[in-house]
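Everything below concerns the one structure shown next.
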Amino acid sequence: MRAWLIGGGVAAVLVTAWFWLPQPGDAVRHARPAPGFVVREVAVFDGERLQPDTDVVVNDGRVVAVGHGLQAPAGLAEIDGRGRTLLPGLIDAHVHTFGNGLFDALNFGVTTVLDMFTDPAVVRELKPAREAFAPSSHADLYSAGSLATAPGGHGTEFGLPVPTLSMPSEASAWVDARIAEGSDWIKIVYEPPGSDGLTMPFASLNRATLTALIQAAHRSSRLAVVHVTRSEPARQALSAGADGLVHVYADDAQDDGLAELAAAKHAFVTPTLSVLRAFAGESAGPDLAADPELAPYLSPEQRATLVPAVWRRMDPVLARTFHADRPMVAVGRLNRCGVDLLAGTDAPNPGTAQGVSLHGELELLVRAGLTPMQALAAATSVPARRFSLQDRGHIRPGSRADLVLVRGDPTTDIRATRAIVAIWKNGAPVERRRYASTGQ
Amino acid sequence: MNAPASTGSAANPALTALYLREMRAEILRAWRTPAYIVPTLALPVGFYALFGIALAQPGSGAAARTLATFGVSAALGPALFGFGAGIAADRDAGILALKQVSPLPVGALLAARLVTALVFALVVLVMLYALAATAGGVELPRQAWAALALVHLTSVVPFCLLGLSVGLRAGASTAIAVTNLMFFGLAVLGGLWIPLFVFPDWLQKLAWWLPSRHLGELALVAARVQPGAGIGTQGAFVGGFALACIAAVCLGWRRGLR
């Protein structure tokens, strides 16, 4: 009798505990926004242009007012903005999310990342967080989830299981499966053999499958973005209706017609100069790791990818494809043709790291011919518009209060983005993590 | 506590009491044996707190994955150490012989040990889930929590059978060594602490033959980390493994209990 009572009691406790276990979105629903604040007399880069000597009021995780001499509600903290510039939280338009990547990204003012291939389970788990207006200690994630590639193609070499395809007839079902998994858009790897006889050291989808995938994505109202590294596949992807290219073509910058084609098709390009130049032996990594504004905030993992101890020997065909200067010339042409350019790093590939490399990418974009203002837009309002991120990439009433306050004026000197004074995520100050020097 | 249905003991009140008494004795004894409760309770909770929570920054997106596979490794301990090392120690100490000459059915002896393993697995899982819910950032639909608990608790059974087939064959000190090796081998190579895809290809192929890998996959499906396409194969593998262990137990039975 006593045994049954004990058993019944234990069962009742377990069932009660089961009802108490958290369900998806619980943390987001129960969290409260941080107290508001006002930044006074600050230069505001609002995502498109500079507004000097402006006040910005933040409350309940959002920007509530932007203007001169604003009357803020009583009790809000006041922050001196003189000599400083307030930027929308930065958006890295090409990353791969693993381990502590989102935490590391936020530590450098990157508040949103557009992930171009990761474990779909990671995407599902982190999706609720991006709707929240409560304090958060990591960047928000939007993602392609798995990528479309051929059996043995690029993307299958990392060990993460990838559902591959090889025929146009499989495209529709493949796209439906990604959407069911939680993909925000469709990312396609396209590296076919070139007409010059150049064959990449891995398999690729054929042109018909590329086209079928783009069409299937569009039928489901999703963007279709394409990984290319050479101009011929880039031209084919644009002709097939790709919404964007997630690398700039690195092989043939002499071809002027391609930039015009991208412009005519209203496609965007995420050049990822950081990774292309690293593959060409011109990594910005060592410079970034030595910058006193950046170095103290680099985690050991970030250091390991930013300045790899051993550079993997590159396949000779790939080595011939990547060139340090040709992608810079291509970016200059695309910019002159009015093509939307998005700042993306492809972190954490060798020579890059989450967060920190976006500051390097901005500098490279300026060196390639963008004005500092255009480069800042490439990391804020342009990706927000192209990926339909409603309340991000701008500083205006109603925007999510993802903000970065820097010393100086990055609209004249782009390197000023590195002099971070404060970061806010959803209106809550981010306590930047400093790391002990690693003995250099 | 429920009496096991397999022996048909429900018809006989005296026998039921015997089963219950043996279970109670076994649970109490396990509770009073630090060599049993430290590895079975403290180790999995400590491992999960350290590698699953403290060393992971927020935003890894791997909270559910970590709980799913660490939970299977938590079920390994009570099963392997209780049955494997425990039976061997009892035999060496002569307790098994004493119980054999007493009017205790051998079914009660085994049932008591299985229930002890399940109870301790339940305790460690409650602690793991509480950690996961409060500090680990795990949020799952209610059915997924229940499915996960079911997979984790079920994991105890095949590992108990594995432990028993070791305990019947080895002496006490050998059994401790063997079950420890098995514990780490099954946990590491089964991908319970580190995802399998980071291992080289040949290790991944080897891992396919481990029941822990398949239970880990079933837990990932239960936690909705992975699609459920392979659960037929995985379930069949675990079932086949359990049958193989039952065969091994039967073969070692006569010699083993003396």
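The values are calculated or read from the model by the stated rules, or taken from the named source; none is laboratory data. Because the structure is predicted, anything quoted here is derived from the model rather than measured. Heads up, the Cβs are rebuilt from the backbone with ideal geometry, glycines too, and the neighbour counts pull from every protein chain shown.
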key: Candidate set from the stretch A:380-402 (those that are under 21 Å from A:PRO429 (Cβ atoms) and under 16 Å from the mean Cα position of the chain (by Cα)); member that is surrounded by the most Cβ atoms within 10 Å (Cβ to Cβ)   = A:ASP402
Strands (runs of 3 or more DSSP E) fully within the stretch A:52-96 counting 1 or more residues that are crowded, with 21+ Cβ neighbours inside 10 Å = A:62-67, A:84-88, A:90-95
key: Number of the condition not met by A:ALA65 [criteria: (1) within 30 Å of the chain's Cα centre (by Cα); (2) away from every other protein chain (no Cβ under 11 Å); (3) closer than 30 Å to B:LEU125 by Cβ]   = (3)
Tally of residues being surrounded by fewer than 22 Cβ atoms within 10 Å (Cβ to Cβ) and either within 28 Å of A:ASP104 (Cα to Cα) or within 14 Å of another protein chain (Cβ to nearest Cβ) (or both) across the stretch B:30-58 = 12
Pick from the stretch A:108-126, criterion more than 12 Å from chain B (Cβ to nearest Cβ) and assigned to a loop (DSSP other than H, G, I, E, B), ranking: surrounded by the most Cβ atoms within 10 Å (Cβ to Cβ) = A:GLY109
key: Failed item in (1) free of Cβ contacts under 8 Å to residues at least 40 places away in the same chain; (2) on the phi < 0 side of the Ramachandran plot; (3) surrounded by 24 or more Cβ atoms within 10 Å (Cβ to Cβ), with B:GLY61 passing the rest   = (2)
remark   = Scanning the stretch A:27-45 residue by residue, those part of a helix (DSSP H, G or I) and more than 8 Å from every other protein chain (Cβ to nearest Cβ) turn out to be A:VAL28, A:ARG29, A:HIS30
message = So, B:ALA175, is that one surrounded by 17 or more Cβ atoms within 10 Å (Cβ to Cβ) and either touching a Ser or Thr at 6+ places or on another chain (Cβ under 8 Å) or assigned to a helix (DSSP H, G or I) (or both) or not?
response = yes
remark   = Reported set for the stretch A:388-440 where residues are of a type in the set (A, V, I, L, M, F, W, C) and part of a strand (DSSP E or B) is A:LEU403, A:VAL404, A:LEU405, A:VAL406, A:ILE420, A:VAL421, A:ALA422, A:ILE423, A:TRP424, A:ALA428
query = Given the conditions (1) within 22 Å of A:MET200 (Cα to Cα); (2) touching a Leu at 6+ places or on another chain (Cβ under 9 Å), and given that A:TRP311 satisfies all but one, which numbered condition is not satisfied?
reply = (2)
Those residues of the stretch A:76-107 which are closer than 16 Å to A:ASN426 by Cα, touching a helix residue (DSSP H, G or I) at 6+ places or on another chain (Cβ under 9 Å), within 14 Å of another protein chain (Cβ to nearest Cβ) and not polar (S, T, N, Q), in sequence order = A:LEU102, A:ALA105
inquiry  = Looking at the stretch B:112-127, can you tell me whether even one residue there is facing chain A (nearest Cβ under 9 Å) and buried (at least 19 other Cβ atoms within 10 Å of the Cβ)?
reply    = no
query = For B:ARG224, are the conditions met, namely being of a type in the set (D, E, K, R), over 14 Å from the mean Cα position of the chain (by Cα) and either in a loop (DSSP other than H, G, I, E, B) or crowded, with 20+ Cβ neighbours inside 10 Å (or both)?
reply = yes
query = Pick from the stretch B:187-215 the residues that are touching a residue at least 12 places away in the same chain (Cβ under 8 Å) and not in a helix (DSSP H, G or I): which of them is surrounded by the most Cβ atoms within 10 Å (Cβ to Cβ)?
reply = B:LEU192
task = Could you grab the pairs with beta carbons closer than 9 Å, sequence gap of 6+ or different chains, first residue in the stretch A:94-123 and farther than 20 Å from A:LEU273 by Cα, second one of a type in the set (Asp, Glu) and in a loop (DSSP other than H, G, I, E, B)?
result = A:PHE98/A:ASP119; A:THR111/A:ASP402; A:VAL123/A:ASP184
ask   = Name the pairs: first residue in the stretch A:222-236 and over 19 Å from A:LEU318 (Cα atoms), second residue in a strand (DSSP E or B), Cβ to Cβ under 6 Å, at least 6 apart or on different chains?
value = A:ARG222/A:ILE186; A:ALA224/A:ILE186; A:VAL225/A:LYS187; A:VAL225/A:GLY244
Residues of the stretch A:363-377 satisfying the condition of being closer than 19 Å to A:THR112 by Cβ and in contact (Cβ under 8 Å) with a residue 40 or more places away in the chain = A:LEU365, A:LEU376, A:ALA377
message = I'd like to verify a number: residues in the stretch B:64-95 that are surrounded by 24 or more Cβ atoms within 10 Å (Cβ to Cβ) and either modelled with pLDDT of 90 or more or within 12 Å of the chain's Cα centre (by Cα) (or both), how many?
response = 20
note = Among (1) in contact with a helix residue (DSSP H, G or I) (Cβ under 8 Å, 6 or more places away or on another chain); (2) at pLDDT below 95; (3) assigned to a helix (DSSP H, G or I); (4) more than 14 Å from every other protein chain (Cβ to nearest Cβ), B:LEU218 falls short only on (2)
message = Checking the structure you have, find out if any residue of the stretch B:143-155 is away from chain A (no Cβ under 14 Å) and either more than 30 Å from A:PHE19 (Cα to Cα) or not aliphatic (A, V, I, L, M) (or both).
response = yes
ask   = How do the helices (runs of 4 or more DSSP H) wholly within the stretch A:142-260 filter down when requiring 1 or more residues that are modelled with pLDDT under 95: which remain?
value = A:171-181, A:231-239
ask   = If you take the residues of the stretch A:127-141 that are buried (at least 22 other Cβ atoms within 10 Å of the Cβ) and assigned to a loop (DSSP other than H, G, I, E, B), which of them is nearest to the other protein chains (Cβ to nearest Cβ)?
value = A:HIS138
task = For the stretch B:228-245, state whether one or more residues are touching an Asp or Glu at 6+ places or on another chain (Cβ under 7 Å), without any contact (Cβ under 8 Å) to a residue 40 or more places away in the chain, in a helix (DSSP H, G or I) and closer than 15 Å to B:HIS152 by Cα.
result = yes
query = Do we find a residue being part of a strand (DSSP E or B) and either charged (D, E, K, R) or away from chain B (no Cβ under 14 Å) (or both) anywhere in the stretch A:14-26?
reply = no
